[in-house]
1. Please give the net charge around Pro227, taking every other residue with its beta carbon less than 13 angstrom from that of Pro227, where Lys and Arg add +1 and Asp and Glu add -1.
2. For n ≥ 4 DSSP H runs only, could you compute -39500 (n - 2.57) per run for the chain, divide by its residues and tell me the 222 nm figure to the nearest 500?
3. Take the cross-link list Lys148/Lys269; Lys46/Lys269; Lys68/Lys175; Lys181/Lys218; Lys171/Lys240; Lys97/Lys273 and give me the ones stretching past 24 Å between alpha-carbons.
4. Using Cα pairs under 8 angstrom and six or more residues apart, how large is the relative contact order of region 3-181, in percent?
5. How do Met12, Met147, Met103 rank when sorted from fewest to most other Cβ atoms within 10 Å of their own Cβ?
6. Arg50 to Ile191: FRET efficiency via 1/(1 + (r/R0)^6), r the Cβ-Cβ distance, R0 41 Å, to the nearest 0.05?
7. Most mobile of Ser208, Ser98, Ser121 per a Gaussian network model of the chain (Cα springs, under 10 Å)?
8. Which values, in whole Å and largest first, are the semi-axes of the equivalent ellipsoid of region 36-106 obtained as the square root of 5 times each eigenvalue of the Cα gyration tensor?
Amino acid sequence: MKKIAVIGAGTMGNGIAHVFAQFEFQVNLIDTSATALEKALANIAKNLDRQINKGILSNEDKISILQKVTTFTSIELGVQEVDLIVEAATENSEIKKSIFQQMDQFAKPDCILASNTSSISITALANATQRPSKVIGMHFMNPVPIMKLVEIINGAATDNETTNNIVALTKAIQKIPCVVKDAPGFIANRILMPMINEAVYAFSAGISDAETIDTIMKLGMAHPMGPLQLADYIGLDVCKNILTIMHEGFNDAKYAPCPLLVEMVNAGKLGIKSGEGFYKY
Ligand code: CAA
């Protein structure tokens, strides 16, 4: 694989584009918003500067990495001739299915179609295409340039060749692949989100304040961030959506989002991106 398209220029999309370009792939970064694409390039440049400051990359590397990223506002133009598309658009099943239909329509027949979804069924996305054996989940973690894990999700029809190619590609960008089956929340969020939800319940019951809850989990469990700080970092709306997908997908009340989480999302308190969540920014 040499040429990769990334659909969606948000935090995850620009991080994924950054990493592929850093490892010598040509990247077509696609978003319907030209402003989002401009912001994404500025973000990649800022994160490359962090790597320069740490001595991992040089200024010349930064220039050559940025030159490897070409932006597009059209899926049709951006996915032609690529070997892999990683979709990192809004976490909404209908939007993703429509993007998968377009990816399938305009990409080469042997192009692999991957989704960075954090919990939506890969099998359902694959069923929106005529090539379900070439559809797979490639779930990166935020911040993409430094997190080592890629959770790889096989849909019901994903073939071995597709999985093997994506495992090899993940290693080629110096990340660690972990292959799992398709189920709501896969593994990462099936375990992470109930922990975050329980922290919100403990906070909401007044058992302790946010700082103390986070300190207990940071110092007691060696987590880099406490669960409430991490919820703010991920986005409270994203946490609520993932919990809802698991609640509905398993039909099990244990995954229902804590009422306080729902209230905060309704009040527009989404964490870092809105300026307030469990903390103020
Ligand atoms: N790009 C490149 N480098 C970055 C970066 C980015 N976007 N963000 C941070 N860094 C680097 C910094 O340069 C710094 O490097 P050094 O330590 O080598 O100097 C390092 O990461 C640490 O950054 P900071 O000093 O700014 O801050 P920190 O020490 O608090 O670490 C953190 C920040 C890496 C985010 C750390 O707190 C952490 O690992 N948090 C947990 C993150 C996590 O759990 N992510 C998964 C979220 S779940 C998800 O993504 C999936 C989902 O489906 C919801």
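We did not get these values from a lab; they are worked out from the coordinates using the rules stated. Given the structure is predicted, the values throughout are model-derived calculations rather than measurements. Cβ placement follows ideal geometry from the backbone for every residue including glycine, while neighbour counts extend to all protein chains displayed.
1. Numbers: positive: Lys218; negative: Glu198, Glu211, Asp214, Asp232.
In short, -3.
2. Values: 12 runs with 137 residues, N = 281.
After summing the helix terms and dividing by the residues of the chain, the value is -15000 deg cm²/dmol.
3. Values: Lys148/Lys269 29 Å; Lys46/Lys269 26 Å; Lys68/Lys175 20 Å; Lys181/Lys218 30 Å; Lys171/Lys240 31 Å; Lys97/Lys273 26 Å.
Too far apart for the 24 Å limit: Lys148/Lys269; Lys46/Lys269; Lys181/Lys218; Lys171/Lys240; Lys97/Lys273.
4. Details: 356 pairs, mean separation 36.4, N = 179.
Rounded, it is 20 percent for region 3-181.
5. Least crowded to most crowded, the residues run Met147, Met12, Met103.
6. Working: r = 29 Å, r/R0 = 0.70.
Once rounded, the FRET efficiency stands at 0.90.
7. The residue that fluctuates most here is Ser208.
8. On the way: eigenvalues 174, 40, 20 Å².
One finds semi-axes of 30, 14, 10 Å for region 36-106.
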